[in-house]
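Structure first, commentary second.
Please treat every number below as a calculation from the coordinates, not as lab data. Everything numeric here is computed off the predicted structure, so don't read it as measured data. Neighbour counts run over all protein chains shown; Cβ positions are idealised from the backbone, glycine included.
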């Protein structure tokens, strides 16, 4: 656990400071507190008088920074200001969302800013301007869509066919949705998660999505993949195969390996793969709830990384990440560009 650094005078304090979700002010001693539990992010502040510690415990997003500073005894105001500045500089304290009297659920950006190094408010704003299409006729599609909406993605379209069955419920669809067209029921699930999320059709419209997730089918429909490559739309396969959740590889046409690259690699390992793949193409696979939820969480985390580009590519760049909830194992598998594929990736 690191010591809290001295605050930079150029850092502007939030008007309504709040600790990032899940963080608490914990006592380590009479004059020492700890904020955060992970050694990578947590800090320790020492030599604090009681009035400063009490003021830190009052950081709740509803108390103005001026009121917080007033809680400290006059001779300790600048010490409190220095602590608040250091916490803000580290990203442990951010500007609270404006107060609302609405009973509607809010957006959750969580501790993303700590992991990404990006300001929480900017992360929320960027997500709000993003559009994602989730294609799939099973549990994964709606589970992913609901999580993306709750994370603040502004437009989430679920492109699903058929009607909801009893095998679909549990990840966003409800018993009342049985018999309802999946597209309509999924849009309702998204709006329940975040009423501000738009759910209208994007495919064929004036705007291309930032990402298309191809879910539920172990092998995505070739005609769908072909159109995405033709239009230059990034896409990410997500599926559960025999209890193993698989996310990736992320395909950015012309930059990363594509799904044909992966097929060529698999064919080298198993000459019968093309025949097997042809039988699986576009067909949703039923999966247990635990496997679906684990896979959906992994897929959404990778999607949010794609929507918030960083210097380092996400783990699904030219690779798949496999999660086995039963065995509690995660495997990273490399799928480089294939020399016989003409996708342009190198």
Ranked 124, 184, criterion: other C-beta atoms within 10 Å, fewest first: 184, 124
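Rounded to the nearest 5, what is the percent of antiparallel bridges among the DSSP beta bridges in region 187-346? Could the numbers behind the result be given before it?
Details: 15 of 21 bridges.
Approximately 70 percent, going by the DSSP bridge assignments.
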Max mean-square fluctuation residue, GNM over the chain, Cα-Cα springs under 10 Å, options 328, 55, 297: 328
Counting other C-beta atoms within 10 Å, which of 326, 173 has the fewest, and how do the rest follow? 326, 173
Rounded, prolate or oblate: which fits region 239-335 when a ≥ b ≥ c are the square roots of the eigenvalues of the alpha-carbon gyration tensor, with rounded for a/c under 1.5 and prolate only if a/b beats b/c? oblate
When DSSP assigns beta bridges and you keep just the ones with both residues in the chain, what percent turn out antiparallel, to the nearest 5? 60
Under the √(5λ) rule applied to the eigenvalues of the Cα gyration tensor, what semi-axes describe the equivalent ellipsoid of region 201-296? Give them in Å, descending. 22, 18, 12
Between 271, 94, 58, which gets the highest mean-square fluctuation from a Gaussian network model of the chain, Cα cutoff 10 Å? 271
Which of 282, 61, 47 ends up with the largest GNM mean-square fluctuation for the chain, with Cα atoms connected below 10 Å? 47
Given N residues in region 12-95, what is its alpha carbon radius of gyration divided by 2.2 N^0.38 Å? 0.98
Give, in nm to one decimal, the length gained when the segment between residue 26 and residue 60 is fully stretched (0.36 nm per residue of separation minus the Cα-Cα distance). 10.8 nm
Pairs of alpha carbons in region 112-334 whose separation is greater than 25 Å (percent): 36
Exposure proxy ranking, count of Cβ atoms within 10 Å, fewest first, for 273, 334: 334, 273
When the Cα centres of region 314-340 and region 13-56 are compared, how far apart do they sit, in Å? 38
May I ask you to derive the relative contact order of the chain, considering only C-alpha pairs under 8 Å and at least 6 residues apart, and to give it as an integer percent? 13
